[in-house]
Amino acid sequence: MTRRIAVVLFNLGGPDGPEAVRPFLVNLFTDPAILRVPSFVRPWLGRLIAWRRTKAARENYDILGGGSPLRELTEQQARALEAALAAKEPGSEYRCFVAMRYWHPFSDEAARAVKAFDPAEVLLVPLYPQYSSTTTGSSIAAWHDACAAIGLARPTTTLCCFHSDAGFAGATARLVREAQAKARAALPEGVKLRVLFSAHGLPERIIKAGDPYQWQVEQTMAAVVGAMDEPGLDHVVCYQSRVTPQKWIGPSTEEEIRRAAAEKVAVLICPIAFVSEHSETLVELDVEYRHIGESLGIPGYFRVPAQNSDHAFIQSLADLTRRAQHSARTLCSFAGARQCPRQHTDCPHARAQSLAAKAA
Ligand SMILES: C=CC1=C(C)c2cc3[nH]c(cc4nc(cc5[nH]c(cc1n2)c(C)c5CCC(=O)O)C(CCC(=O)O)=C4C)c(C)c3C=C
Ligand SMILES: [Fe+2]
Ligand SMILES: [Fe+2]
């Protein structure tokens, strides 16, 4: 008999039309993982921040036709991953489900679909290469709440992160190399090119509270640069998409674009914390930051495409999924270590470790 395995892909979600922008932002800003204020303040403060952000966010989504392409691209990744897993393990029936955190399909919709599929086991796979309590951590919590609400209980394995996975780094390095070759061909002779590895930013306070995200982003950059194997490659890590007034981690992508323009160096921007195109690549990088760079006379502005359903990336995700399946029930960091490298507090592995310690 074939063994049914449900693979749940976590992503953030995006509004599917102009009317969805406000409620999507309310969902995001009332998440305790994002807005870290006392719970009695959060509902109204979250709504206030969402209300203030709506106009700017709508203008961004208008450029994309009113909504985010994230759902469609994530569904395509799910179908591609299903095909890759079927080819690798013909004796099992893998079905991939999408669980978005802040817009449809939400975790409860995905959990009901998983229950109807009636799998022998469930694998939770984040589409975030680096673990953050604001993204993967929040999705894991929402998933467990949804399962509890509908009575779905199956042996579950959680993949914590894949920041330095060799397959992922190799697939990304190839995309960078292809974009680099096109950029170099388009640039006048003698103009230098710098690779800006641009990750989503986070408030500094969240990192100080123990989030391993920034460290893992640096590990991703090192793994991709290592796979590119180009001694002397000019590269830097930077952070985009700041949306609150607090201090966020830096340097910002905008600062790095300004620095490159001042030094008359062209930039190739590689998004490294998202594996799909969405508003922060298609609008922030391709429209807003390009405009800043060009208005400062930058000698060239290029971007590496997100992985989306790139064949090598999907193969790496299939390998990661199967390794997670054949490992312990919680799996943290494929950087060779089985232990959470930073002991971050809400990593599923760290939680399992502390439970085991308590039991001992
Ligand atoms: C305090 C606010 C935010 C934190 C912290 C944050 C972390 C974070 N986000 C991503 C990836 C994505 N973010 C997306 C949209 C988005 N994120 C925030 C705010 C925070 N994100 C907002 C307000 C929005 C909405 C868009 C906007 O108003 O500009 C998206 C989806 C966008 C889409 O087009 O669908 C992704 C993906 C990561 C990886 C991350 C922390 C590590
Ligand atoms: Fe975000
Ligand atoms: Fe971890």
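The values are calculated or read from the model by the stated rules, or taken from the named source; none is laboratory data. Computed from a prediction, not measured in an experiment: that's the story for all the values here. Note: ideal-geometry Cβ built from the backbone for every residue, glycine included; neighbour counts use all protein chains shown.
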Say whether the condition of being part of a helix (DSSP H, G or I), among the charged types (D, E, K, R) and either within 16 Å of ligand 2 (Cβ to nearest atom) or touching a residue at least 40 places away in the same chain (Cβ under 8 Å) (or both) is met by at least one residue in the stretch 28-44.
no
Every residue from the stretch 220-243 that is touching a strand residue (DSSP E or B) at 6+ places or on another chain (Cβ under 8 Å) and modelled with pLDDT under 95:
T220, S241, R242
How many residues are in contact (Cβ under 8 Å) with a residue 24 or more places away in the chain and within 16 Å of ligand 1 (Cβ to nearest atom) if we restrict to the stretch 277-300?
11
Residues satisfying the stated conditions in the stretch 251-273, i.e. surrounded by fewer than 21 Cβ atoms within 10 Å (Cβ to Cβ), in contact (Cβ under 8 Å) with a residue 24 or more places away in the chain and closer than 13 Å to F197 by Cα:
S252, E254
The strands (runs of 3 or more DSSP E) lying wholly within the stretch 200-305 that contain at least 1 residues that are within 16 Å of ligand 2 (Cβ to nearest atom) and among the hydroxyl-bearing types (S, T, Y) are 235-240
